[in-house]
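Q: One structure, pasted below without further comment.
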Amino acid sequence: MFERTLQDLIRGLRAHKASSKAQEDAFLAEAMVEIRAELKGKDMALKAEGVLKMCYLMMLYPIPPPPEFAFHVVEVMSSPRYHLKQIGYLAAPMAFSGDTEEVVLTVNGIKKDLMSPYIPLPPLPLTALPHLLSLSPSLSTTLHPDLLHLLTHSSPRIRKRAVLCLLPCWEAFPEGLREGFPRLRERLQDSDQGVVGATVGVVMELARRQGGKNYLPLAPELFGILTGSSNNWMLIKVVKLFAILTPLEPRLVRKLLPPITSLISSTSAISLLYECVRTCIVGGMLDPDRAEGEALARVCVEKLGGYLRDEGGDQNLRYIALLAMVKIIPTHPAMVAEYQEEILQSLDDPDVSIRMRALELVTSMVDRDNLQSIADQLLSHLAPPESNTSALPSAVASLTAIANQLSPTTAKDPATASTSVSLSPAYRLLLTQKLLSIISYDTYVNVTDFEWVISVLIDIAYVSNVNVGDEIRRLVLDVVGRVRNVREYAVGVLEKVLGDEDFRERGRDGTGEDGLVEAAVWVCGEYSSYLSSPLSAISSILSPSLHLSSPALISLSLHAAAKIFGHHAAAISSSWSSDRHEETKALVASIKSGSAPFLGSADIEIQERAVEFTQLFSFIEADLNHHVPPKKSSPDEDIPGVQDGFAEKESADPPYPKSLFLFEPLFTSHELNTVAYKAQEAVRLPDGLDLDRDIVPGGGFGVDGDDDEEIESEEEKEKEVVDLGEGGGAGMEELRRVLREQQKKGKRREGETKEERERRRAARKAKHKNDPYYLYDKTEDQDEDNIDDIPIVKLDDSEMGVGADLQEAGPSSKAKATSTSMPMSKAKLKSGKSKSKKEKAPLPEVDRTGELPEGADTTSRASAIQTPAGPSRTASGLAAVDLSTAPSNQGNTSLSRFEEYKMDEDDDRVVAPAAGSDPSYADHTRTVEADREVDVDVPVVTPVEVEVVKVKRKKKGDKKKKDV
């Protein structure tokens, strides 16, 4: 009977691509019928062809395999023919899943193929094992000894694949790492570079998942690869490994500086250069306190700056350069600031990833001198382009533009792509958040002109078109509350915002404009004395469309209208006349009518304020109706003070109604100041309590610098010096000179005699004599002469977090002040970004601390109170394996291939096998009492295994009979 091959199936599928969906489905159904028939047949070649075709269809279509497909794959895997066995192992990862029971049928076949002397055969199971080992922990436990045995195979191809299989094996069987780690370390010195590269990759993954503590002993082998290999991919992995190890062992820094410096100066691979720069930062090599830190940082920045200035260069190189500079700028902001123009140009790049990195870099290089220029340039990206102001394009033009963008053959205009990125909501939101963060950084430490800040915040609210209203409201209120000199200007510009009805209408769509309106309403109400027209402000606040606003804005508006009226009524009392009388009556009636729609509001806050203010205004209205206005203004001396507004005088009643002073005392009794950070915690401490005093002097740790210094042996001095390379410019030569001087100096105290060294040690011991945390070694005095030769590895988890605080780059020169921008037109927006130069004014007074409660200390308790650490998470799996500690005897699964039984003739029990026995046998011979204490992933002992133990006893009896 004619059978379709895989090639015939592929031709048929391609032929039916142009057909209808029904014809294609019919062809697939016919092919599945043929595949099922082939799988059920007895011909192994046809069965393998069916498995191959089924795998091909599973990759192209969501077709479930036949129910017994995994069993047929096991049959093909066990075929004695090489090409059929190859198909079986190829299909195994697709046929087996986590709930497939047929995996247990493959164990013996896989072990046999792994140990086959025929060299082409072991690579077949090694290809499928990474997937199979992750499915079954018992399979990993069983095959682990075989994988370790293959690490010493004569074929480099098999050694390489065996090394790669160890990672998924140890993930499923973590205790195997203890036995396999020495074997893995030997492969770092393998003669084949492919095996070494695979080993480095496995070690890097293990260190990334576990942490580098277990892999510090591999530093010599890794250093040899770093200095001797020319493979960039292997060097990248080694440098990444040292980035993990260096924070745990700071002494590696001095050893790694020469080879990493040589790589930075000689490599042309930007990926390797980036990893070197990252390792220098994480390892503290760029620390300004180090002699070579400045020179090394200069070389790195110059290398990266060259990729930024290359306009026609690769976009990937530009991205990597920006990413590396982001990591350098915390320690060396001045060096990165030299490339400010190139970084700002990257903000116009059509690639959004480059824009994001440039934006992150720009916000990190802000200081007092460049804050306004950087903020204005970021604001220009938010402003709509000029083309948007023209008439809308026709439908034909729009469709043509869309077609050109979707066409893969049409070259896209960079300007068009850049504009599309600027118009995306996600990018605009991120850009706006970054702009607000650089302005408010460290309580406005870089701001010299707060009028400019108010104008920029208004401009952001007008042009951002993203929902950042809450942040804008917070910043406006914070600036106005902290800086007294800016209040008059803020009231002036925010009063115009209240009169912009179009802007308020946009805020009802939830785009964030409501935040600025709420801030404007509060500021104009709180500081109403600076209003140019209180009547217009009240009219704008209580607009006819106020009921369409949010509840928070409505309640603020009602309160602000009462505040403005209270100050205005008290102010006009000094010039009271009949005209003022009629004007005030009309104003009160207008406020009552504006508050009337909210008397029955569903929001309790709005309803309460509306009812209370309506009642008060009704009282004022009644007083005005009964009052007879004078013909001329009353003298100033008849005006009573605010605190005693209703105090009676011996003279006649004043010419103005006394109810004019009803509102003002309600809102002006206390001045609203900024509240200090954690003011509630700033309470006075009890007398005699000193939270800064150490319970144990020195915190239990030595403070003498001699403890941190180490003495190198003479053998270290005689080691070969790494070649630092040649060329690279003046910065590279300066770095080489500093490194050579450091190598000449060394760390050993030259000229120190043995007696001086003993006196120094005795002084250190005397200082720590009463320290309960200082441990002494009883044999320390006996081995005094050889103690310097003992290698010390410092494994302190607290050193893993290497942080670099951002330095304040603040020259003493003051930034140039700029004029404020008006929010009502684009022309005013542009004109408000720059201002004519004028004489430098002193920095404004900013209340950065805030107001503290009465009787509180000026020093906050927050500095003395430490946040308690959260509950520690218990590591499990591969992360819980600590190679520095000895394995526990209890519950450890035996690892070696052979076991040793110890039979007790007087006892019927079989003694548990010793450490190092095979787990497959140990699981069957453990006693029930020992199994209860096991805490590893091993099969639970059942009563059937007791019978196995009895069989062992019978075998022992048979053996005795034979000996007799």
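The values are calculated or read from the model by the stated rules, or taken from the named source; none is laboratory data. Just so it is clear, the model here is predicted, and its values are computed rather than measured. All Cβ positions, even for glycine, are placed from backbone atoms using ideal geometry, and neighbour counts span all protein chains on display. Areas reflect the complete protein model, heavy atoms only, side chains present, ligands, DNA and RNA absent. Shrake-Rupley method; radii C 1.70, N 1.55, O 1.52, S 1.80 Å.
Q: Residues to consider are ASP644, ASP690; find the one that is open to solvent by 70 Å² or more (accessible area, probe 1.4 Å) and modelled with pLDDT of 80 or more.
A: Details: ASP644 fails: modelled with pLDDT of 80 or more.
Within the list ASP644, ASP690, the selection yields ASP690.
Q: A follow-up question, please. Can you name the number of the only condition in (1) surrounded by fewer than 15 Cβ atoms within 10 Å (Cβ to Cβ); (2) of a type in the set (Ser, Thr, Tyr); (3) at pLDDT 85 or above that THR614 fails?
A: Looking at each condition in turn, THR614 falls short on (1).
Q: Tell me, which helices (runs of 4 or more DSSP H) lie completely within the stretch 133-228 with 2 or more residues that are over 26 Å from PHE96 (Cβ atoms)? Write out each step before concluding.
A: Values: elements: 137-150, 156-172, 176-186, 193-210, 219-228.
Fully inside the stretch 133-228 and qualifying: 176-186, 193-210, 219-228.
Yes/no matrix, rows are residues, columns are (1) open to solvent by less than 20 Å² (accessible area, probe 1.4 Å); (2) closer than 30 Å to PRO258 by Cβ; (3) of a type in the set (A, V, I, L, M, F, W, C):
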| position | (1), (2), (3) |
| --- | --- |
| SER138 | no, no, no |
| CYS169 | yes, no, yes |
| LEU177 | yes, no, yes |
| GLY197 | yes, yes, no |
| GLU205 | no, yes, no |
| LEU216 | yes, yes, yes |
| GLU221 | no, yes, no |
| SER230 | no, yes, no |
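Q: Restricting to the stretch 505-523, name every residue that is closer than 20 Å to LEU382 by Cβ and open to solvent by 40 Å² or more (accessible area, probe 1.4 Å).
A: Within the stretch 505-523, ARG506, ASP509, GLY510, THR511 qualify.
Q: Of the conditions (1) in a loop (DSSP other than H, G, I, E, B); (2) buried (at least 17 other Cβ atoms within 10 Å of the Cβ), ALA128 clears all except one; give me its number.
A: (1)
Q: So, one more: Pick out the one residue from GLY306, GLY283 that is open to solvent by 20 Å² or more (accessible area, probe 1.4 Å), out of contact with any Asp or Glu (no Cβ under 9 Å at 6 or more places or on another chain) and of a type in the set (Gly, Ala, Ser). Show your work before the answer.
A: Details: GLY283 fails: open to solvent by 20 Å² or more (accessible area, probe 1.4 Å).
Sole residue among the options that is open to solvent by 20 Å² or more (accessible area, probe 1.4 Å), out of contact with any Asp or Glu (no Cβ under 9 Å at 6 or more places or on another chain) and of a type in the set (Gly, Ala, Ser): GLY306.
Q: OK, next. Only one residue in PHE27, PHE96, PHE71 is touching a His at 6+ places or on another chain (Cβ under 6 Å) and hydrophobic (A, V, I, L, M, F, W, C). Which one? Walk me through how you get there before you give the answer.
A: On the way: PHE96 fails: touching a His at 6+ places or on another chain (Cβ under 6 Å); PHE71 fails: touching a His at 6+ places or on another chain (Cβ under 6 Å).
That would be PHE27, the only listed residue that is touching a His at 6+ places or on another chain (Cβ under 6 Å) and hydrophobic (A, V, I, L, M, F, W, C).
Q: Output yes when any residue across the stretch 158-174 is out of contact with any helix residue (DSSP H, G or I) (no Cβ under 7 Å at 6 or more places or on another chain) and free of Cβ contacts under 8 Å to residues at least 40 places away in the same chain, and no when none is.
A: In the first step, residues of the stretch 158-174 are kept if they are out of contact with any helix residue (DSSP H, G or I) (no Cβ under 7 Å at 6 or more places or on another chain); the result is none.
No, the stretch 158-174 has no match at all.
Q: Check whether at least one residue in the stretch 364-381 is assigned to a loop (DSSP other than H, G, I, E, B), at pLDDT below 85 and open to solvent by 40 Å² or more (accessible area, probe 1.4 Å), and report yes or no. Outline the logic, then answer.
A: Start the filter on the stretch 364-381 by keeping residues that are assigned to a loop (DSSP other than H, G, I, E, B), which leaves 365-370.
Adding the requirement that they be at pLDDT below 85 leaves none.
Taking every residue of the stretch 364-381 in turn, none turns out to be assigned to a loop (DSSP other than H, G, I, E, B), at pLDDT below 85 and open to solvent by 40 Å² or more (accessible area, probe 1.4 Å).
Q: Going by the conditions given, is LEU546 modelled with pLDDT of 85 or more, open to solvent by 20 Å² or more (accessible area, probe 1.4 Å) and either within 49 Å of the chain's Cα centre (by Cα) or of a type in the set (Ser, Thr, Tyr) (or both)?
A: Working: modelled with pLDDT of 85 or more: yes; open to solvent by 20 Å² or more (accessible area, probe 1.4 Å): no; either within 49 Å of the chain's Cα centre (by Cα) or of a type in the set (Ser, Thr, Tyr) (or both): yes.
Against the criterion (modelled with pLDDT of 85 or more, open to solvent by 20 Å² or more (accessible area, probe 1.4 Å) and either within 49 Å of the chain's Cα centre (by Cα) or of a type in the set (Ser, Thr, Tyr) (or both)), LEU546 does not qualify.
Q: Whether any residue in the stretch 310-317 is touching a residue at least 12 places away in the same chain (Cβ under 8 Å) and touching a His at 6+ places or on another chain (Cβ under 9 Å) is what I want to check.
A: So far as the stretch 310-317 goes, no, none of its residues is touching a residue at least 12 places away in the same chain (Cβ under 8 Å) and touching a His at 6+ places or on another chain (Cβ under 9 Å).
Q: Cβ-Cβ below 7 Å, separation at least six or inter-chain, first residue in the stretch 275-288 and without any contact (Cβ under 8 Å) to a residue 40 or more places away in the chain and assigned to a loop (DSSP other than H, G, I, E, B), second among the β-branched types (Val, Ile, Thr) and open to solvent by less than 40 Å² (accessible area, probe 1.4 Å): which pairs?
A: Hits for this filter: MET285/VAL253.
Q: Restricting to the stretch 872-889, give me the number of residues that are open to solvent by less than 80 Å² (accessible area, probe 1.4 Å), within 30 Å of the chain's Cα centre (by Cα) and modelled with pLDDT of 65 or more.
A: Counting residues in the stretch 872-889 that are open to solvent by less than 80 Å² (accessible area, probe 1.4 Å), within 30 Å of the chain's Cα centre (by Cα) and modelled with pLDDT of 65 or more gives 7.
Q: Is it true that some residue in the stretch 598-609 is surrounded by 11 or more Cβ atoms within 10 Å (Cβ to Cβ), at pLDDT below 80 and either assigned to a loop (DSSP other than H, G, I, E, B) or among the aliphatic types (A, V, I, L, M) (or both)? Don't jump to the end; show me each part of the working.
A: Of all residues in the stretch 598-609, those surrounded by 11 or more Cβ atoms within 10 Å (Cβ to Cβ) come to 598-599, 601, 603, 605-609.
Still in the list and also at pLDDT below 80: none.
No.
Q: If a residue has to be open to solvent by 40 Å² or more (accessible area, probe 1.4 Å) and among the hydrophobic types (A, V, I, L, M, F, W, C) to count, how many in the stretch 475-504 make the cut?
A: Of the residues in that region, 1 qualify.
Q: While we're here: Please determine, by comparing only the residues of the stretch 340-356 that are assigned to a helix (DSSP H, G or I) and touching a residue at least 60 places away in the same chain (Cβ under 8 Å), which one is farthest from ASN316 (Cα to Cα).
A: To start, the set of residues in the stretch 340-356 that are assigned to a helix (DSSP H, G or I) comprises 340-348, 352-356.
Okay, now just the ones that are also touching a residue at least 60 places away in the same chain (Cβ under 8 Å), so 348, 352, 355-356.
Details: ASP348: 16, VAL352: 12, ARG355: 13, MET356: 14 Å.
Top of the filtered list is ASP348.
Q: Considering only residues that are modelled with pLDDT of 60 or more, in a helix (DSSP H, G or I) and open to solvent by 60 Å² or more (accessible area, probe 1.4 Å), which ones fall in the stretch 412-428?
A: PRO425, ALA426, listed by residue number.
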